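Trainee: Can you keep this structure in mind? I'll have questions shortly.
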């Protein structure tokens with residue numbers, strides 16, 4: 001396996017496989033009167049041989065904070081995939097979006113309880 005640094009991204013090539021780009025991501029989220037959370041990671045980016053389809057899922061809601069206050073939120077996750085993988089990709093990102101939405105709801109509830 002060979003790794004080359006290329007403008008903040010690294011290219012990982014394994015014997016007999018397409019090159020994979022590894023890219024770093026940073027996500028910051030903030031809840032009113034609550035702490036900011038920062039998540040970092042590295043994701044693999046595979047090169048598509050044809051123009052990919054895009055699958056997106058957006059979930060949102062409103063959380064009652066009491067005292068006639070509420071907070072609206074939305075979570076959107078998008079992913080490229082081959083057209084024959086649309087159903088599978090949709091199920092994967094829908095599940096991820098649901099987990100993220102539940103996390104956001106729990107953070108709002110915790111901030112309401114603490115604040």
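The values are calculated or read from the model by the stated rules, or taken from the named source; none is laboratory data. If you're wondering where the values come from, they're calculated on a predicted model, not measured in any experiment. For neighbour counting, all protein chains shown are included, and Cβ atoms are generated from backbone atoms with ideal geometry for every residue, glycine included.
Trainee: Restrict the check to segment 11-27 and report whether at least one residue is within 23 Å of residue 111 (Cβ to Cβ), in a strand (DSSP E or B) and at pLDDT 65 or above.
Mentor: yes
Trainee: Here are 75, 57: which of them is touching a helix residue (DSSP H, G or I) at 6+ places or on another chain (Cβ under 6 Å) and modelled with pLDDT of 90 or more?
Mentor: After ruling out the rest, the residue left standing is 57.
Trainee: So, one more: Considering only residues that are at pLDDT below 90, over 14 Å from residue 61 (Cα atoms) and either surrounded by 13 or more Cβ atoms within 10 Å (Cβ to Cβ) or not assigned by TED's automatic domain parsing to the domain that holds residue 57 (or both), which ones fall in segment 87-113?
Mentor: 110, 111, 112, listed by residue number.
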